[in-house]
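Enquirer: Take this structure first; my questions come after.
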Amino acid sequence: MTTIRDFISTPGEILLEEFLEPLGISQYRLAQTIGKPQSAISDIVHGRRSISTEMACLLSAALGTSPEFWLNLQMTYDLKTFDEAALASVPCLV
């Protein structure tokens, strides 16, 4: 069965495929440049960690983008993969 998640790239996939690979930058080199552990970059690339505000600022400085670019990628991914069925038990106040 194909789901929407099969068609949505994580922010980490975009980081890897649109920035690191084309620019020839390793995850280790990016981590060293921004002063974070390589495991943090690896976790983002493999979809195990979200991009925080701090990380968005660090990535934008290192890669010449804006923090909003990274935060928008994360927000869009979160919204598209959110399970709306979880809201069924929340009562409406209006």
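The values are calculated or read from the model by the stated rules, or taken from the named source; none is laboratory data. For clarity, every value in this text was computed on a predicted model and none was experimentally measured. Note that each Cβ is placed from the backbone with ideal geometry, even for glycine, and that neighbours are counted across all protein chains shown.
Enquirer: Considering only segment 81-91, I want to know if a residue exists there that is among the aliphatic types (A, V, I, L, M), buried (at least 16 other Cβ atoms within 10 Å of the Cβ) and either under 24 Å from Glu21 (Cβ atoms) or out of contact with any Phe, Trp or Tyr (no Cβ under 6 Å at 6 or more places or on another chain) (or both).
Expert: So far as segment 81-91 goes, no, none of its residues is among the aliphatic types (A, V, I, L, M), buried (at least 16 other Cβ atoms within 10 Å of the Cβ) and either under 24 Å from Glu21 (Cβ atoms) or out of contact with any Phe, Trp or Tyr (no Cβ under 6 Å at 6 or more places or on another chain) (or both).
Enquirer: Determine the pairs where a residue that is within 20 Å of His46 (Cβ to Cβ), located within segment 68-94, has a partner that is part of a helix (DSSP H, G or I) and at pLDDT below 95 with Cβ atoms under 8 Å apart, the partner being 6 or more residues away or on another chain.
Expert: Pairs found: Lys80/Ile4; Thr81/Ile4; Thr81/Arg5.
Enquirer: Inside segment 40-70, can you point out the residues that are among the polar types (S, T, N, Q) and touching a Lys or Arg at 6+ places or on another chain (Cβ under 9 Å)?
Expert: If the condition is that a residue be among the polar types (S, T, N, Q) and touching a Lys or Arg at 6+ places or on another chain (Cβ under 9 Å), then Ser42 is the only one that fits.
Enquirer: Here is a further query. Out of the residues in segment 47-80 meeting the condition of being over 17 Å from Gly35 (Cα atoms) and of a type in the set (A, V, I, L, M), tell me which one is surrounded by the fewest Cβ atoms within 10 Å (Cβ to Cβ).
Expert: Leu79
Enquirer: Restrict the check to segment 11-20 and report whether at least one residue is over 16 Å from Leu58 (Cβ atoms), loosely packed, with under 14 Cβ neighbours inside 10 Å, in contact (Cβ under 8 Å) with a residue 60 or more places away in the chain and not β-branched (Val, Ile, Thr).
Expert: Within segment 11-20, not a single residue is over 16 Å from Leu58 (Cβ atoms), loosely packed, with under 14 Cβ neighbours inside 10 Å, in contact (Cβ under 8 Å) with a residue 60 or more places away in the chain and not β-branched (Val, Ile, Thr).
Enquirer: If the requirement is being touching a residue at least 24 places away in the same chain (Cβ under 8 Å) and either in contact with a strand residue (DSSP E or B) (Cβ under 9 Å, 6 or more places away or on another chain) or small (Gly, Ala, Ser) (or both), which of these qualifies: Ala40, Ala31, Ala56, Ala62?
Expert: Going through Ala40, Ala31, Ala56, Ala62 in turn, the sole match is Ala62.
Enquirer: Where residues in segment 1-44 are among the small types (Gly, Ala, Ser) and within 16 Å of the chain's Cα centre (by Cα), which of them is modelled with the lowest pLDDT?
Expert: Among those residues, the one meeting the criterion is Ser9.
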